[in-house]
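The structure under discussion appears below in the form of structure tokens.
The values are calculated or read from the model by the stated rules, or taken from the named source; none is laboratory data. All values derive from a computational prediction rather than experimental measurement. No Cβ is skipped: glycine too gets one built from the backbone with ideal geometry, and neighbour counts run over all protein chains shown. Ligands, DNA and RNA are stripped out before the accessible areas are found, and what is left, the full protein with its side chains, is counted by its heavy atoms. Shrake-Rupley method; radii C 1.70, N 1.55, O 1.52, S 1.80 Å.
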Amino acid sequence: MVAAFQDGVPPSSTPIVSSLGVLDNFLGHSYGAESQWEVNDVWVANSSLSAEGIAHLWTFRGEMSLCYAYQSAFFQPAEIDQLLTRTKAIMLESLGLDESEGQ
């Protein structure tokens, strides 16, 4: 164990999970005079400088979204794809949905 910690404690790679909740509760579907601006979709941008990835989960207009930000110095895209595939499968199973309902 001494050799494993020679360079200090390794950085945590545990994902940070943040639920933004139901965005419809605080984000309108339209803005401007006579509702000239319609909001059809929401996207969250984030960056991660550590080995801890950041997952944001929210719903808007009845659709659930999961966004995951990670630092490519610590993970390969294939690893993140595998993590998100597993996460999606667990979420669908927990919600009692099948794959065709989880697009």
Report every pair of residues separated by at least 6 positions or lying on different chains whose Cβ atoms are under 7 Å apart, first residue within the stretch 9-27 and within 18 Å of Trp37 (Cα to Cα), second open to solvent by 70 Å² or more (accessible area, probe 1.4 Å). Asp24/Arg61
Scope the stretch 22-44; condition closer than 26 Å to Asp81 by Cβ and open to solvent by less than 70 Å² (accessible area, probe 1.4 Å); matching residues: Leu23, Val42, Val44
Going residue by residue through the stretch 70-79, is there one that turns out to be under 16 Å from Val17 (Cβ atoms), modelled with pLDDT of 90 or more and not in a loop (DSSP other than H, G, I, E, B)? no
Of the numbered conditions (1) within 17 Å of the chain's Cα centre (by Cα); (2) modelled with pLDDT of 85 or more; (3) open to solvent by 50 Å² or more (accessible area, probe 1.4 Å); (4) under 20 Å from Ser12 (Cβ atoms), Ile54 satisfies every one except a single condition; which is it? (3)
Can you tell me how many residues in the stretch 1-51 are within 30 Å of Glu79 (Cβ to Cβ), part of a loop (DSSP other than H, G, I, E, B) and either of a type outside the set (Val, Ile, Thr) or at pLDDT 80 or above (or both)? 21
Picking from Thr14, Thr59, which residue would you name as being surrounded by 15 or more Cβ atoms within 10 Å (Cβ to Cβ) and of a type in the set (S, T, N, Q)? Thr59
